Amino acid sequence: MELFRLNDVTFSFPDAEHTVLQGVSLTIQEGEFVIIGGASGSGKTTLLKLLKQELQPTGELKGEILFRGKPLDEWDERMLIEQICYVFQDPDNQIVMDEVMQEIVFGLENLGYSNFEMRKRVAEMVHFFGVEAVLHEKPSELSGGQKQILNLLSVLLLKPRVLLLDEPTSQLDPVAAKELVLMLERLNKETGMTIVLVEHRLEELYAMADKVVFMEQGQLLYEGASRDVIEKMYHDQAAQFLPYIPAFARLYMEFEPLPRRESIPLTVKECKQWIGSDEMQANLPKNVKANRKDSAILLEMEDVHYQYKKQTPFVLKHFQMTIRKGEFFTLVGGNGSGKTTALRAGFGSIKPQRGKIRYNGRDLAKMKDAEWLDNIAYLPQNPRTYFLHQTIEEEMKSISSRLQIPDANMTIDKLLDTFRISHLRSRHPYDCSGGEIQKAALACMLLGQPDMLFIDEPTKGMDPISKQQLGELLTRLQQQGLTIFMVTHDIGFTARFAERCAMMFDGEIAAEGTPDELFKGNYFYTTAINRATRETKQAEVLTYEEAVATWSAPAII
């Protein structure tokens, strides 16, 4: 049964020079699992919101959107609220109550459900998600990943027919992201729920998708089954789409002399079967990173303890960490493990109850803000909170004036061009996509040419091309002397660009080392291609680039 039909849909925002969607025609069948990919700003989120009538953005809409054969605006409002549910990319945009339990039942209460029905649904879903321990917590005190799970739980209580999700894994650690994806697959297969998912992290999703859609500049360029779309994108050799192909599928297409569409591997299991099992590699070339043991220590945290409230557990305990000048250091770990707290303690945003924090050899607690704040920059997990002005350009000019930057206009133009966001200079920050706002905020941070950059989940909401550009930019800045302390869930980005990384557990650093040392051999805190290449006839690798460099000569088509 046809659930959604979009006929030649075109959409543009008020006073915008360009249309966000251009002649989009698409059908979604009952029970389908559909994933939508494409670069930041390509129109994915706008398309998703047009399917949810209450969230349709203001602007000029042309064409036709049908739900079960009838225009959306002809359906009963309550029916649409219950049958079509939406999970936002930024969980803070969806949370309205001061307690987790109140947030969970908010939708049911507003729709007038009985206490019996609410209690029955809540008991089932809370147990399924395992969130009993936080029912009486404040949402503001939850981690980004916990907030995302809370939002998903809240909308599932309505028992929707369609679930629309915008980047649902962007704030989840690898374990939680895997659990969420598997849970969505269960909902789709066991309940027949239709799922439409906008996502940049697609590697784990191709195998479960019934339909894959890729967009560029508001148009649908690719649509079809996973293997069909992968084959088309690879043979078209479109640079903007090659990074969306799963690493092991792309390697298959390049290394297999006679690739066949039906044999393109979509899972770790299929990739292992293609490569063949053989523990033959004894001395593999390693992904060597720079050794900075002789460099001076820039940031040092010693026996740091921190708790947000008295009588609550310590978020950081016996925390020890050193970062050397010019180093690219990343911190990974589960949601709620204390990564962001450690980052904020590192630049003085919060004051630990115990322990010492030294910046460039000096006790941070004894330094005046003016002595070091101009030398650092901090990009928060939610970059929208950074902006105070109406446009990105106004924000950058205000920062330039405060810091008395010479040739400010030239510097602003250069940064906007470097991040490829010159077309956004007159855009309000809240009108930008998640990836665009990340790049805009980082451009603002770099105006002051800081010595050290603290960044929290910088790749959240970024498409693969933007991630690559960000990684290359950070690498260039690091080579020019910038020290980087990054908190992230993005193992692939860390494996490719970081020099040293550490994994947090229970308020402490459990292990640290190079990406090779920390990630190879893990079940979850690693990349899909690493799991696929262990104990095979080819070298075990973390990234596609490493495979190309270390595997035997490819038979490139």
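Structure notes:
- Top-ranked residue in the range 23-39 [being closer than 24 Å to Asp431 by Cβ and open to solvent by 30 Å² or more (accessible area, probe 1.4 Å); ranked as modelled with the lowest pLDDT]: Ala39
- Test: residue in the range 450-459 that is of a type in the set (Asp, Glu), crowded, with 18+ Cβ neighbours inside 10 Å and part of a helix (DSSP H, G or I): no
- Filtered residues of the range 88-101 (kept if modelled with pLDDT under 90, part of a helix (DSSP H, G or I) and surrounded by fewer than 19 Cβ atoms within 10 Å (Cβ to Cβ)): Asp92, Asn93
- Taking the criterion of being in contact (Cβ under 8 Å) with a residue 60 or more places away in the chain, open to solvent by 40 Å² or more (accessible area, probe 1.4 Å) and over 16 Å from the mean Cα position of the chain (by Cα), the only residue of the range 461-499 that qualifies is Gly481.
- Failed item, numbered, when Gln353 is tested on (1) in contact with a helix residue (DSSP H, G or I) (Cβ under 9 Å, 6 or more places away or on another chain); (2) polar (S, T, N, Q); (3) closer than 30 Å to Asp303 by Cβ: (1)
- Residue that is surrounded by the fewest Cβ atoms within 10 Å (Cβ to Cβ), among those in the range 360-372 that are small (Gly, Ala, Ser) and without any contact (Cβ under 8 Å) to a residue 40 or more places away in the chain: Ala370
- Against the test of being closer than 17 Å to Gly145 by Cα and of a type outside the set (Asp, Glu), the options Gln102, Gln89 yield a single qualifying residue, Gln89.
- Checking Ala282, Ala345, Ala296 one by one, the residue that is at pLDDT below 95, over 24 Å from His489 (Cα atoms) and in contact with a strand residue (DSSP E or B) (Cβ under 9 Å, 6 or more places away or on another chain) is Ala296 and no other.
- Filtering the range 500-511 for residues that are assigned to a loop (DSSP other than H, G, I, E, B), hydrophobic (A, V, I, L, M, F, W, C) and crowded, with 21+ Cβ neighbours inside 10 Å leaves an empty set.
- Filter result for the condition that a residue is free of Cβ contacts under 8 Å to residues at least 12 places away in the same chain, of a type outside the set (Ser, Thr, Tyr) and open to solvent by 20 Å² or more (accessible area, probe 1.4 Å), over Lys62, Lys70, Lys49: Lys70
- Meets criteria (buried (at least 19 other Cβ atoms within 10 Å of the Cβ), closer than 30 Å to Thr58 by Cβ and acidic (Asp, Glu)) for Glu436: yes
- Unique residue being within 27 Å of Leu142 (Cα to Cα) and under 26 Å from the mean Cα position of the chain (by Cα) when the list is Val96, Val20, Val34: Val96
- Some residue of the range 345-359 being over 30 Å from Asp431 (Cβ atoms), part of a helix (DSSP H, G or I) and open to solvent by less than 40 Å² (accessible area, probe 1.4 Å): yes
- Among (1) open to solvent by 40 Å² or more (accessible area, probe 1.4 Å); (2) more than 30 Å from Val134 (Cβ to Cβ); (3) in contact with a Lys or Arg (Cβ under 8 Å, 6 or more places away or on another chain), the one test that Met215 misses: (1)
- Selection status of Lys44, surrounded by 21 or more Cβ atoms within 10 Å (Cβ to Cβ) and within 22 Å of Asn151 (Cβ to Cβ): yes
- Within the range 333-340, one or more residues are at pLDDT 85 or above, at negative phi and either of a type in the set (Gly, Ala, Ser) or exposed (fewer than 13 other Cβ atoms within 10 Å of the Cβ) (or both).
- Residues in the range 136-161 that are closer than 16 Å to Gly107 by Cα, part of a loop (DSSP other than H, G, I, E, B) and open to solvent by less than 30 Å² (accessible area, probe 1.4 Å): 3 in all.
- Scanning the range 1-22 for residues that are surrounded by fewer than 15 Cβ atoms within 10 Å (Cβ to Cβ) and assigned to a strand (DSSP E or B) yields Glu2, Asn7, Asp8.
- Arg119 being open to solvent by 50 Å² or more (accessible area, probe 1.4 Å), farther than 29 Å from Tyr430 by Cβ and in contact (Cβ under 8 Å) with a residue 40 or more places away in the chain: no
- Hits in the range 373-408 (condition: open to solvent by 40 Å² or more (accessible area, probe 1.4 Å) and in contact with a strand residue (DSSP E or B) (Cβ under 8 Å, 6 or more places away or on another chain)): Asn375, Tyr378, Gln381, Tyr386
- Qualifying residues in the range 235-267 (those that are touching a residue at least 24 places away in the same chain (Cβ under 8 Å) and among the aromatic types (Phe, Trp, Tyr)) - the one surrounded by the most Cβ atoms within 10 Å (Cβ to Cβ): Phe248
- Every residue from the range 423-439 that is more than 20 Å from Ile465 (Cα to Cα), of a type in the set (D, E, K, R) and in a helix (DSSP H, G or I): Asp431
- For the range 313-322, a residue qualifies if it is open to solvent by 50 Å² or more (accessible area, probe 1.4 Å) and outside any strand (DSSP E or B), and the qualifying residues are Pro313, Phe314.
The values are calculated or read from the model by the stated rules, or taken from the named source; none is laboratory data. Keep in mind that this is a model prediction, so the values were computed, not measured. Neighbour counts run over all protein chains shown; Cβ positions are idealised from the backbone, glycine included. Protein only, heavy atoms only, side chains kept; ligands, DNA and RNA dropped before computing areas. Shrake-Rupley method; radii C 1.70, N 1.55, O 1.52, S 1.80 Å.
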